[in-house]
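Below: one structure, written as structure tokens.
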Amino acid sequence: MTPLVGCLIVAALVFAIGLAISLTRRNAILVLIGIELMLNAANLNLIAFWRFGARPELLTGMMFAIFSIAVAAAEAAVGLGLVIAYHRHSKTTDLDAMTRMKG
Amino acid sequence: MIANNASLMANWLVQVPVGEFKPEIVDGAASAIMRILWLIPAIPMFAAGLIALLKQPMRKTSATLAIGGLSASFVLSLIAFSHVLAEWHRGGATREVVNFDWLSLGAASLQLGWLLDPLAAVMLVMVTFVGLLIFIYSTGYMAHDENFTRFFCFLSLFAGGMLGVLIANSLLLLFMCWEIVGLTSYLLIGFWYHKPSAAAAAKKAFLTTRVGDIFFLLGIVWLFAQTGTTLFYNNGAGAIEPAALTTLLSQPAAWGLSAAGAIGLLIFAGAAGKSGQLPLHVWLPDAMEGPTPVSALIHAATMVAAGVYLVARVYPLMSAGASIGTTTISLTVIAWVGALTALFGALVAVAQNDIKRILAYSTVSQLGYMMVGLATGGVAVGMFHLITHAFFKALLFLGAGSVIHGCHEEQDIRRMGRLRIDMPLTFMTYMVGMLALSGFPIFFSGFWSKDAILGAAHSWPVSRGPFVMLVVGALLTAFYMTRQISYVFFGHWRGPKQTHAHESPLVMTGPLAILAVFAIGLGVLGTPLWPWFTGFLESRPVAFDAHGFSEPGLLPLMGSAIAVVFVGLLLGWALYMRKPIVSDEKQDSLESVSPTVWNWFANRLYFDELYSVTVIRLYAALAWFSDWLDRRVWGGAVSSVALTFRGLGWFNKGLDSQWIDGGFDKGCEELVTSGGVLAWLQAGRAPGYLRMMGIGVLVLAGIALLVGAVTGQVRL
């Protein structure tokens, strides 16, 4: 087993865990955490492919990952903001109870 | 425009050979009155426009506007007249023109303009003065008519058009105003359009004068084609100035006529239509269906004289090529037509019973005199009769209107009588008009003007025929006027028993009195002793000449003219006045003498019948043929085309509703369904979205694995 395959397996596991959390949990914040996990699994992949790829000296994967983290941070902020706004409105963070988000 | 022409002025002045004709003032140096001369026709037209906007009950305002507008024109005309008079006394230029570009077509341009010369000045004063009196009279005559405002609108428009004819310096501008005048004549003849006879008379007048106008227009176009201008005077470049006339004379037309002669005849055809000359006279007697002031103003004093004025205006063209002792073909034609008209009108007037119809035929006859005067004696002779006739014929018509008014709208002279007692003021003024028209010697203007025409016709070198006809006409004139006044003012009252005639109000008799003064006094201007009128029109100095009567042949001629008038008056007296006419059933004295002749005259020599079996029948046949062509041939073609398109339309409609609409309907249904599915997907439930995302991930992973397995990159 090469180091790349090991990294990919770890990333796939993290992704699967994140997916499982976001599909099974009813708490909006936990779902957000699951989404973050999946994102980070993707980041792991980017880093792994860069580190064990053809041209590790070009820092391309690093750049991708940093962008992705920045975007994820913004996304988390938006997501949490939405959850807090919804919570203020209807005192719940239960996704199954959020039935009035239709445009 | 003035600045524009100032540069051109220098060029013209260089080109003009000095001394060949009188210097004329060009635009840049136009005098004050010339600059505002256009206001004379413009003010009444503007007044007409304003009156047209008024409501029906605003009678006072409309009459005030019309009379005020014409008064302003009258004052301006007097200023213009005195200006010409002053220039004449000073020996300066008596003809002034102002021209301007009206229509530019590339390098060429069509010029219009207005002019002021003795001819125009005299006519301006006459038309505005007589018009003003008739306007005032109309306020009384039309007092009970509900369309009072409309009447004054038309009258005012007429005055504007007529004054435009007088000052036009371009045949085209003259023609435009000529048509305005024709239109208002039509509108006013048909003023009481609910009467079928009035509506028919209006149509007849319009169509008959249009026949002449077509020839007139042809003449204008021909003249424009030959000379490149329609201006009368343009500092040597006008269409009736020597340079253009030389060109016109050198152009042969057909039948030995030069272009000048042919154009002259065409223009005369227009004049004949307007002035009721044979054979286009038929409309004028019927025009008496209009209100009497209209008959006086338009169909006696002014509009019908426009034809005579037109001939006088283009006289240089008519007489081009004539030398002393000879005449031109145009003038010969005019003289014969005029003489025939004069005789015909007088003959027919003898046997009419409608008071206005007698005067109408008398007008036809007198217009013939004017034409003969123009053709044989020159502009001054014809125009003098025009002016004097305008006054006494307006007087007669207004008098007839007063009689009709007083007799409760009765127009048949057989049912009048004894009005000299009931309507003394009307009677006296009417007698003045009657004696002036008959040519009663010395004291009445008609005598002097008619005598001048008779003298000119007598010395005409071509033929004695017109002179003889005019003398017979003069006799008949005195005769039929005596007959008329015998019926109207003498004898016994023959109207309905209980009623009696009443004198008209002052607003009607006042104008009569003023006109009567002029019907007498105007003769002073044209006696052989002091030929002021001739001198003024021809811009020659005039002196009192005690030897005026000593010209050879003048006194015998005058004596025979007087004798003829007295014979006519005596005949009339013997037949109609000697024994008072008692009953309206009584046969006419002349009819009992010779019923055949009477019938011919009473039926207007069967002119209308002749036209109805020839021209009218021809037109009816043509109209029937056109109708047939239109219905069967063109109509068939058009309806078959229409049918084709209807078929095509029906096919298209089927295509549209079955196929295209169906397609659209289906598409829309699909859109609705898919929209429903998508809306169900977007239910607003976050877990649902997440689930779909999970499914998506699995599907993507599945695809990746599958593609990898197929390409061999993944070994399962």
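Suppose we filter B:Thr614, B:Thr596, B:Thr644 for residues that are loosely packed, with under 10 Cβ neighbours inside 10 Å and either in contact with a strand residue (DSSP E or B) (Cβ under 7 Å, 6 or more places away or on another chain) or of a type in the set (Val, Ile, Thr) (or both); which single one remains?
Numbers: B:Thr614 fails: loosely packed, with under 10 Cβ neighbours inside 10 Å; B:Thr644 fails: loosely packed, with under 10 Cβ neighbours inside 10 Å.
Just a single option satisfies the conditions, and that option is B:Thr596.
State which residue is farthest from B:Leu124 (Cα to Cα) when the search covers only segment B:55-70 and only residues that are at pLDDT 85 or above and crowded, with 18+ Cβ neighbours inside 10 Å.
Quick first cut of segment B:55-70, residues at pLDDT 85 or above only: B:60-70.
After this cut, where a residue has to be crowded, with 18+ Cβ neighbours inside 10 Å as well, the list is B:62-63, B:65-67, B:69-70.
On the way: B:Ser62: 23, B:Ala63: 21, B:Leu65: 20, B:Ala66: 17, B:Ile67: 16, B:Gly69: 14, B:Leu70: 11 Å.
Result: B:Ser62.
Looking at B:Leu249, B:Leu257, can you tell me which residue is closer than 22 Å to B:Ile329 by Cα and in contact with a Ser or Thr (Cβ under 6 Å, 6 or more places away or on another chain)? Break it down into steps so the answer makes sense when it comes.
Working: B:Leu257 fails: in contact with a Ser or Thr (Cβ under 6 Å, 6 or more places away or on another chain).
Testing whether each residue is closer than 22 Å to B:Ile329 by Cα and in contact with a Ser or Thr (Cβ under 6 Å, 6 or more places away or on another chain) leaves just B:Leu249.
Select from segment B:97-147 the residues that are of a type in the set (Phe, Trp, Tyr), under 14 Å from B:Ala80 (Cα atoms) and part of a helix (DSSP H, G or I) and list them in ascending order. Break it down into steps so the answer makes sense when it comes.
First pass over segment B:97-147, keeping only residues of a type in the set (Phe, Trp, Tyr): B:100, B:102, B:114, B:129, B:135, B:137, B:141.
Within this subset, residues satisfying the condition of being under 14 Å from B:Ala80 (Cα atoms) are B:114, B:129.
Listed by number, the list holds a single entry, B:Phe129.
Return a yes/no flag: does segment B:690-707 have any residue that is away from chain A (no Cβ under 14 Å), over 30 Å from A:Ile21 (Cα atoms) and free of Cβ contacts under 8 Å to residues at least 12 places away in the same chain. Don't jump to the end; show me each part of the working.
Going through segment B:690-707, the residues away from chain A (no Cβ under 14 Å) turn out to be B:702-703, B:706-707.
Narrowing further to those that are over 30 Å from A:Ile21 (Cα atoms): none.
No, segment B:690-707 contains no residue that is away from chain A (no Cβ under 14 Å), over 30 Å from A:Ile21 (Cα atoms) and free of Cβ contacts under 8 Å to residues at least 12 places away in the same chain.
Those residues that are at negative phi, touching a Gly at 6+ places or on another chain (Cβ under 9 Å) and at pLDDT below 85, I need them from segment B:424-444; list them, please.
Hits for segment B:424-444 are B:Phe440, B:Phe443, B:Phe444.
Look at B:Arg540 and say whether it is over 27 Å from B:Arg414 (Cα atoms) and surrounded by fewer than 21 Cβ atoms within 10 Å (Cβ to Cβ).
On the way: over 27 Å from B:Arg414 (Cα atoms): yes; surrounded by fewer than 21 Cβ atoms within 10 Å (Cβ to Cβ): yes.
So B:Arg540 fits the description; yes.
Picking from B:Gly238, B:Gly161, B:Gly190, which residue would you name as being farther than 23 Å from B:Thr292 by Cα and crowded, with 16+ Cβ neighbours inside 10 Å?
Values: B:Gly161 fails: farther than 23 Å from B:Thr292 by Cα; B:Gly190 fails: farther than 23 Å from B:Thr292 by Cα.
Matching residue, one of B:Gly238, B:Gly161, B:Gly190: B:Gly238.
Say we look at segment A:80-103 and pick out the residues that are within 12 Å of chain B (Cβ to nearest Cβ) and in a helix (DSSP H, G or I); which of these is surrounded by the most Cβ atoms within 10 Å (Cβ to Cβ)?
Here the residue is A:Leu95.
Quick grid of which residues meet (1) buried (at least 24 other Cβ atoms within 10 Å of the Cβ); (2) closer than 30 Å to B:Met142 by Cα:
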| site | (1), (2) |
| --- | --- |
| B:Gln366 | yes, yes |
| B:Met370 | yes, no |
| B:Ala394 | yes, yes |
| B:Glu410 | no, yes |
| B:Pro424 | no, yes |
| B:Leu437 | yes, yes |
| B:Phe440 | no, no |
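Examine segment A:23-46 for a residue that is touching a strand residue (DSSP E or B) at 6+ places or on another chain (Cβ under 8 Å) and either on the phi > 0 side of the Ramachandran plot or buried (at least 17 other Cβ atoms within 10 Å of the Cβ) (or both), and state whether such a residue exists.
Narrowing segment A:23-46 to residues touching a strand residue (DSSP E or B) at 6+ places or on another chain (Cβ under 8 Å): A:26-28.
If we keep only those that are either on the phi > 0 side of the Ramachandran plot or buried (at least 17 other Cβ atoms within 10 Å of the Cβ) (or both) too, we end up with A:28.
Yes; the residues of segment A:23-46 include at least one that is touching a strand residue (DSSP E or B) at 6+ places or on another chain (Cβ under 8 Å) and either on the phi > 0 side of the Ramachandran plot or buried (at least 17 other Cβ atoms within 10 Å of the Cβ) (or both).
Considering only segment A:26-55, state which residues are touching a Leu at 6+ places or on another chain (Cβ under 8 Å) and assigned to a loop (DSSP other than H, G, I, E, B).
Hits for segment A:26-55 are A:Arg26, A:Phe52.
Any residue at all in segment A:3-10 that is buried (at least 19 other Cβ atoms within 10 Å of the Cβ), at pLDDT 90 or above and within 14 Å of chain B (Cβ to nearest Cβ)? Break it down into steps so the answer makes sense when it comes.
From segment A:3-10, those buried (at least 19 other Cβ atoms within 10 Å of the Cβ) are none; that's our starting set.
No; the residues of segment A:3-10 include none that is buried (at least 19 other Cβ atoms within 10 Å of the Cβ), at pLDDT 90 or above and within 14 Å of chain B (Cβ to nearest Cβ).
Would you call B:Leu655 free of Cβ contacts under 8 Å to residues at least 60 places away in the same chain, farther than 30 Å from A:Ile17 by Cβ and within 14 Å of chain A (Cβ to nearest Cβ)?
Details: free of Cβ contacts under 8 Å to residues at least 60 places away in the same chain: yes; farther than 30 Å from A:Ile17 by Cβ: yes; within 14 Å of chain A (Cβ to nearest Cβ): no.
Criteria not met by B:Leu655.
I'd like to know if segment A:65-79 contains one or more residues that are within 13 Å of chain B (Cβ to nearest Cβ), surrounded by 10 or more Cβ atoms within 10 Å (Cβ to Cβ) and not in a loop (DSSP other than H, G, I, E, B). Write out each step before concluding.
The first filter runs over segment A:65-79 and keeps only residues within 13 Å of chain B (Cβ to nearest Cβ), leaving A:79.
In the following step, the residues that additionally are surrounded by 10 or more Cβ atoms within 10 Å (Cβ to Cβ) were identified as A:79.
Next cut, not in a loop (DSSP other than H, G, I, E, B) only: A:79.
Yes, segment A:65-79 has at least one match.
State yes or no: is B:Phe518 assigned to a helix (DSSP H, G or I), hydrophobic (A, V, I, L, M, F, W, C) and in contact (Cβ under 8 Å) with a residue 60 or more places away in the chain?
Details: assigned to a helix (DSSP H, G or I): yes; hydrophobic (A, V, I, L, M, F, W, C): yes; in contact (Cβ under 8 Å) with a residue 60 or more places away in the chain: yes.
Here the answer is yes, as B:Phe518 does meet what is asked.
Give the residue that is surrounded by the fewest Cβ atoms within 10 Å (Cβ to Cβ), with candidates limited to residues of segment B:300-349 that are part of a loop (DSSP other than H, G, I, E, B) and of a type outside the set (S, T, N, Q). Before you say what the answer is, go through the steps one by one.
First pass over segment B:300-349, keeping only residues part of a loop (DSSP other than H, G, I, E, B): B:302, B:314, B:319-328.
Narrowing the set further to residues that are of a type outside the set (S, T, N, Q) leaves B:314, B:320-322, B:324-325.
Working: B:Val314: 24, B:Ala320: 23, B:Gly321: 18, B:Ala322: 13, B:Ile324: 5, B:Gly325: 7.
Across segment B:300-349, the extreme among qualifying residues is B:Ile324.
Is it the case that B:Gly684 is farther than 24 Å from A:Thr24 by Cα, within 14 Å of chain A (Cβ to nearest Cβ) and surrounded by 10 or more Cβ atoms within 10 Å (Cβ to Cβ)? Walk me through it before giving the result.
Values: farther than 24 Å from A:Thr24 by Cα: no; within 14 Å of chain A (Cβ to nearest Cβ): yes; surrounded by 10 or more Cβ atoms within 10 Å (Cβ to Cβ): yes.
Considered against the rule, which asks whether it is farther than 24 Å from A:Thr24 by Cα, within 14 Å of chain A (Cβ to nearest Cβ) and surrounded by 10 or more Cβ atoms within 10 Å (Cβ to Cβ), B:Gly684 comes out as no.
The values are calculated or read from the model by the stated rules, or taken from the named source; none is laboratory data. Keep in mind the model is a prediction, meaning the values are calculated, not measured. FYI the Cβ positions are ideal-geometry reconstructions off the backbone, even for glycines, and counts take in every protein chain you see.
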